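*Asks:* There's a structure below that I have some questions on.
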Amino acid sequence: MSTTGLDVFDKTIQTTNIWLDEIMARMGPDRQVAWHILGAVLRPLRDRLPLDDAAHLGAQLPLLVRGLYYDQWHSPSTMNKDRHQEEFLARVEHGLRDTRLVNVHDAARTVFAVLCKHVAPGQAEKTARVLPAEIRALWPMPLGGQPEGVAQEIEDKESAEAAQDDAKRRARQRAKESAGT
């Protein structure tokens, strides 16, 4: 029997409740807090992903969760460049500021586990691959344990990007020094 009169709404409510139940099983029995945890982790994840990857992940989400995922999305052209777990978790913590005290590390790990369980395996792996190693470490095994064949490639790319940033910074510093002489 249909609760809302529309099968698509009934299905998304049922699926969302399954996700919330899984979050509550690990984070406590408060459905409101589980909903806030889900959004507080999904939004920083979305903002950390390249635009195409963020859209592909969003397409895998149940309709209600997709609305939560895209809530507060301002500019698709600006990707958050957090590289460290502490920065990512600080964004999650900010999203949870109006709820009871929650361990943000556990919250992120829990939501990532729910995502890995319910989105297509290829999409979960692709999402994990584009994250910096420290943030990817929050994903459940095997994705958080370095996806096979990809871990070194990602580490090399991150090292190369960091070296480029350092080289640019040094070049700007030399330019300032030579302009001052």
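The values are calculated or read from the model by the stated rules, or taken from the named source; none is laboratory data. As the structure is a prediction and not an experimental result, all values here were calculated from the model. Counting neighbours? That spans all protein chains shown, and the Cβs are built from the backbone with ideal geometry, glycine included.
*Asks:* Have a look at 20, 38 and point out the one that is assigned to a helix (DSSP H, G or I), closer than 15 Å to residue 117 by Cα and in contact (Cβ under 8 Å) with a residue 40 or more places away in the chain.
*Replies:* Sole residue among the options that is assigned to a helix (DSSP H, G or I), closer than 15 Å to residue 117 by Cα and in contact (Cβ under 8 Å) with a residue 40 or more places away in the chain: 38.
*Asks:* State yes or no: is residue 127 touching a residue at least 60 places away in the same chain (Cβ under 8 Å) and either over 21 Å from residue 55 (Cβ atoms) or touching a strand residue (DSSP E or B) at 6+ places or on another chain (Cβ under 8 Å) (or both)?
*Replies:* Criteria not met by residue 127.
*Asks:* Shifting gears a bit: What tally of residues in region 77-106 results from selecting those that are in a helix (DSSP H, G or I), among the hydrophobic types (A, V, I, L, M, F, W, C) and either touching a Leu at 6+ places or on another chain (Cβ under 7 Å) or modelled with pLDDT under 95 (or both)?
*Replies:* Here the count works out to 1.
*Asks:* Now for a separate question. Looking at region 46-62, which of its residues are at pLDDT 95 or above, part of a helix (DSSP H, G or I) and of a type in the set (A, V, I, L, M)?
*Replies:* 57, 59
*Asks:* For residue 124, state whether it is in a helix (DSSP H, G or I), within 30 Å of residue 6 (Cα to Cα), of a type in the set (A, V, I, L, M) and at pLDDT below 95.
*Replies:* In short, yes.
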